[in-house]
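Scroll down for the structure; my scribbles are underneath it.
The numbers here are math on the coordinates, done by the rules we state, and not lab data. Worth saying up front: this structure is predicted, and the values here are computed from it rather than measured. Counting neighbours? That spans all protein chains shown, and the Cβs are built from the backbone with ideal geometry, glycine included.
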């Protein structure tokens, strides 16, 4: 059995998905060690998974919180501080991982696509590695807008020109991070590279995004595998979480773990739902205080809580108001719940664009007025085509294989050091 290292950015959604994959590999007899700054240890809930802290000098205990606050609001000048944070994290990992991986006698690396250091260091040490896209894949090809862009898919010349120009602009904005990647690639004696998309595994690449929910891609590598959501299902016999009796229809709103403090947006949603006589359930993921919760309830929200069983919420709700994180969108798709996407940052604009393009929800600005939110909610509630369009996508998700398929791919790539070719569909 192998000892595999997991290298991922210290974000809950990424650790949550990769922990599910790790649990599947643990059940097959492998050892798993996550490697990241010390604060990321709290993102793991399974004590069987080992954790090694690195970056004590540059990323000491207590430093992650400020970085996450900047990530939650990356607009304006703060965007460049976020990019510096990303570059500093990659720099730290590239400096510290080589010795750690050698000391742990690591057999292979599971590298999140969003952290270049995993692939760079594994390649430098001659270790086999697998790339995992917990968010939208960073794989590039002409005609497909970057994941961080909000563009709808189109094949006309004007759109293609826009996609190219936006990619150039993105690379200029991310230049500081790209310079860190390039510097360490040179130091490791690797071919020149500057971006995340150039640090992916030649053996196997795993994505949660299934083709039915993506734009039409033509140039994915032969080792690219769409496995659907990485999660561990509840144990057989577990009872569903209790759910309050609410007036129908029910609208469920969650903006994820980083964006749950957006009180003003939740307030506009509460007023929109009150005006339309809809029961609004809000999960703020610990982002709001008791006073704000009370104000939302006075404004018309039926139930405001910190955390909720999201799958249960989606099964009870007729509409899901979401920040368009990929994990949340896939859960809604699996449950057949139409979405009102209010993207904020990262790959959320790209996920929202796919929701709208496939006709399984609507996309709106997070600054939308109450009347606009009312209009979209009514469209989602009254038009049955949103749910109907989900059926073919749901079938593909069920066939994708999830953690079991991902674990098969990891074993073949890391234990046998073989290129894992995608199955023909």
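Taking every alpha-carbon pair under 8 Å whose residues sit at least 6 apart, the chain reaches a relative contact order of 17 percent. In the chain, the DSSP beta bridges split such that about 0 percent are antiparallel, to the nearest 5. When 173, 110 are sorted by how many other C-beta atoms sit within 10 angstrom of their C-beta, beginning with the fewest, the order is 173, 110. Over the chain, DSSP H runs of length four or greater, each weighted -39,500 (n - 2.57), average out per residue to a 222 nm ellipticity of -13000 deg cm²/dmol. Computed from label points 7 Å out along Cα-Cβ, the spacing between residue 197 and residue 391 is 3.6 nm. Remark: the residue 158-residue 171 segment gains 2.7 nm on full extension, using 0.36 nm per residue and subtracting the alpha carbon distance. In the Gaussian network model of the chain, springs joining C-alpha atoms below 10 Å, which of 171, 347, 112 carries the largest mean-square fluctuation? Result: 171 has the largest fluctuation of those listed. Entry note, the stretch 250-396: relative contact order of 22 percent, from Cα contacts under 8 Å with a spacing of 6+ residues. Using the Cβ-Cβ distance between residue 187 and residue 264 with R0 = 45 Å, the FRET efficiency computed as 1/(1 + (r/R0)^6) comes to roughly 0.45. Taking the longest Cα principal axis of the chain as reference, the axis of helix 157-173 is set at about 60 degrees. Once both axes come from the Cα atoms, what is the angle between helix 116-125 and the longest principal axis of the chain, in degrees from 0 to 90, rounded to 10? Its long axis makes an angle of about 20 degrees. For the chain, a Gaussian network of Cα nodes joined below 10 Å ranks 413, 99, 332 by mean-square fluctuation, and the top entry is 99. Against the chain, whose longest principal axis comes from its Cα atoms, helix 326-335 is set at around 50 degrees. The alpha carbon centroids of the stretch 1-33 and the stretch 270-305 are separated by 36 Å. Treat each spin label as a single point 7 Å out from the Cα along the C-beta direction, and report the residue 298 to residue 73 distance in nm. For residue 298 paired with residue 73, the spin-label model returns 2.3 nm. Here r is the Cβ-Cβ distance between residue 305 and residue 66 and R0 is 25 Å; the resulting FRET efficiency, rounded to 0.05, is 0.40. Between the stretch 192-231 and the stretch 343-400, the alpha-carbon centres lie 23 Å apart. Using 13 Å as the cut-off for backbone N distance, which residues of the stretch 271-292 belong to the label zone defined by a point 7 Å from the Cα of residue 243 along Cα→Cβ? The answer is 281. Here the calculated FRET efficiency for residue 369 and residue 289, from their Cβ-Cβ distance with R0 = 30 Å, stands at 0.75, rounded to the nearest 0.05.
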